[in-house]
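Quick note: the coordinates plus some simple rules give every number you see, no bench work behind them. Owing to the predicted nature of the structure, the values given are computational and were not obtained by experimental measurement. Every residue, glycine among them, receives a Cβ derived from its backbone with ideal geometry; neighbour counts consider all protein chains shown.
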Amino acid sequence: GENVEQHPSTLSVQEGDSAVIKCTYSDSASNYFPWYKQELGKRPQLIIDIRSNVGEKKDQRIAVTLNKTAKHFSLHITETQPEDSAVYFCAASNDYKLSFGAGTTVTVRA
Amino acid sequence: SQTIHQWPATLVQPVGSPLSLECTVEGTSNPNLYWYRQAAGRGLQLLFYSVGIGQISSEVPQNLSASRPQDRQFILSSKKLLLSDSGFYLCASTGVGANYGYTFGSGTRLTVV
């Protein structure tokens, strides 16, 4: 099955700086890569996703890049704000199931 | 868009007691349905998924079971809870077909005492 590794496990950034989270996946057949944000005690929410026929996607301050050859994808958050503090999960899928990374706890320091 | 109703929100149960968590989906037909568990401060572990009525796939052998008695209803059960069953249980749904982002329910926080 698919194995997704996510780094770093924790990330502390100064407000206004950028944050980058990296994930690798094992199954070369995976073709869908979503990112979720989970605030404390709440459900994960989809924030951005990318499919394997696209190398980069951007939505305001967040962007995701995909390198199929290297089997890794990354989340970039620019101009971080306190409300960006949360746990972020990457995931990969090539069928009905999403395999999730272990999560990255992002703390934005004011 | 899909809406997932999941209940109860919190539950405290003694070891050895039974469990039944229910999830229903609105706004779509024939969804793929999933049960995930999240231990405190940890990632998301897939427990069961279903791509149709009566069809259940199990990802992790354990004392839990799942059923899908109706198209948009998914139930997670246990006959006897263990302490290790404590966690945050999330129901999720996707549209028809593969490779769509999940919509998660609001979750049930289960504490086994």
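Only one of A:L66, A:L98 is more than 13 Å from chain B (Cβ to nearest Cβ) and aliphatic (A, V, I, L, M). Can you tell me which? Result: A:L66 is the single residue among A:L66, A:L98 that is more than 13 Å from chain B (Cβ to nearest Cβ) and aliphatic (A, V, I, L, M).
So, in segment A:63-86, how many residues would count as being in a strand (DSSP E or B) and not aliphatic (A, V, I, L, M)? Number satisfying all stated conditions: 6. Would you pick out the residues in segment A:14-60 that are surrounded by fewer than 13 Cβ atoms within 10 Å (Cβ to Cβ), outside any loop (DSSP other than H, G, I, E, B) and in contact (Cβ under 8 Å) with a residue 40 or more places away in the chain? Hit for segment A:14-60 is A:Q14, nothing else.
Restricting the search to strands (runs of 3 or more DSSP E) fully inside segment B:24-99 and requiring at least 3 residues that are facing chain A (nearest Cβ under 10 Å) gives B:32-38, B:44-52, B:87-94. Just one of the numbered conditions (1) surrounded by 14 or more Cβ atoms within 10 Å (Cβ to Cβ); (2) touching a Phe, Trp or Tyr at 6+ places or on another chain (Cβ under 7 Å); (3) under 30 Å from B:R37 (Cβ atoms); (4) without any contact (Cβ under 8 Å) to a residue 40 or more places away in the chain is not true of A:T65: (3). When A:T78 is tested against the conditions (1) surrounded by 13 or more Cβ atoms within 10 Å (Cβ to Cβ); (2) within 14 Å of chain B (Cβ to nearest Cβ); (3) over 13 Å from the mean Cα position of the chain (by Cα), the lone failure is (2).
Exactly one residue out of B:L44, B:L33, B:L90, B:L83 is of a type in the set (A, V, I, L, M, F, W, C), out of contact with any His (no Cβ under 9 Å at 6 or more places or on another chain) and exposed (fewer than 13 other Cβ atoms within 10 Å of the Cβ), and it is B:L83. For the condition within 13 Å of another protein chain (Cβ to nearest Cβ), more than 21 Å from B:I4 (Cα to Cα) and outside any loop (DSSP other than H, G, I, E, B), A:F89 does not qualify. For segment A:81-106, give me each residue that is surrounded by fewer than 17 Cβ atoms within 10 Å (Cβ to Cβ) and aliphatic (A, V, I, L, M). Hit for segment A:81-106 is A:A102, nothing else.
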